[in-house]
Amino acid sequence: MRRLLVALAAMAAFLAPALPAHARAGFWAVTELDPFPGKVRPDVSYTVGFWVLQHGTHPYEGPGALEPIGLRLTGEDGTTLTFDGTPLPEPAHYATSIAVPAGRWRVQGLQGMFAPYEIGTLTVPGGLKAAPPQFPVPAGTEVMDYWGPVKPPGFPWKAAAVTPNRLPAATPAASAQPVLAAQPTRVAAAGGDSSPWRQPYALVVVAVAAVAGTLLIQRAARTVVRRRPHDPPEREAREGEEVISAG
């Protein structure tokens, strides 16, 4: 049991610094908008382009697809509008069509398993007031150019050097289809946040449980090996006592 507690404590000490803030573990992304309409009128359709950039500078590099991707608008009364993104030919580039009622709306980028990104506040009728960047890219760094002529608006993000790179495989057939006006999902405000970015916490719990189960099985196996087949239960209880046999 002591070994089990030591192993669990070591794993907790190793993983704990990454849990409170995903940014410290590199588990973050940003949503960067293409040029946004200067004036937005109520219930008028607008096409909005945006980029989802892991670490703020490159396309998602993890396994599988990054979804859901889109824009989420939350009104002052708690009403939520979600507009799904459609992949464009450029890596990490998406577009959606929005139609927003009058009011003030909190705008967030939905980034799959990453935490939603705060884009700013949209006033309708009116315009978008951008939020301060959550993860500013330090000046003087080196970045990779994953794109062709069409690049994210902030590229090269004050980089000191740019390394060219061939384009990764783009999502097929996305560029051949027009972006249709999205019918937003309208939901009432609810307590809590069930965003997919909470998945790493579940993975940590599963990992700790797996280690605990493995150590318990090994302990049980060693106990069975030490047990002699013909010893009665009371003999096990006196394990370690000296036994003197007569005759």
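Coordinate-derived values only; no laboratory data. A quick note: this is a predicted structure, and the numbers were derived from the prediction, not measured. All Cβ positions, glycine included, derive from the backbone under ideal geometry; neighbour counts span all protein chains shown.
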Protection proxy ranking of 129-142, 45-58 - average other beta-carbon atoms within 10 Å, highest first: 45-58, 129-142
Whole-Hz ³J(HN,Hα) for each residue in the stretch 64-73, computed from phi via Karplus 6.51 cos²θ - 1.76 cosθ + 1.60 with θ = phi - 60°, x for glycine and proline: what do you get? x, 8, 8, 8, x, 10, x, 10, 10, 10
To the nearest µm²/s, what D does Stokes-Einstein give for the stretch 23-76 at 10 °C and 1.306 mPa s, using the Kirkwood radius over alpha carbon pairs as Rh? 117
Using the Kirkwood formula on alpha carbons, the hydrodynamic radius of the stretch 18-128 in angstrom works out to 14.5
Distance in nm between Arg41 and Ala160 label points, each 7 Å along Cα→Cβ, equals 5.0
Give me a comma-separated list of calculated 3J(HN,Hα) values for the stretch 51-58, in order, Karplus coefficients 6.51, -1.76, 1.60 applied at θ = phi - 60°, integers in Hz, x for any Gly or Pro. 10, 10, 10, 5, 6, x, 9, 8
The stretch 57-173: relative contact order as a whole-number percent, Cα under 8 Å and 6+ apart: 23
Stretch gain in nm, segment Ala130-His55, where the contour uses 0.36 nm per residue and the Cα spacing is subtracted: 25.1 nm
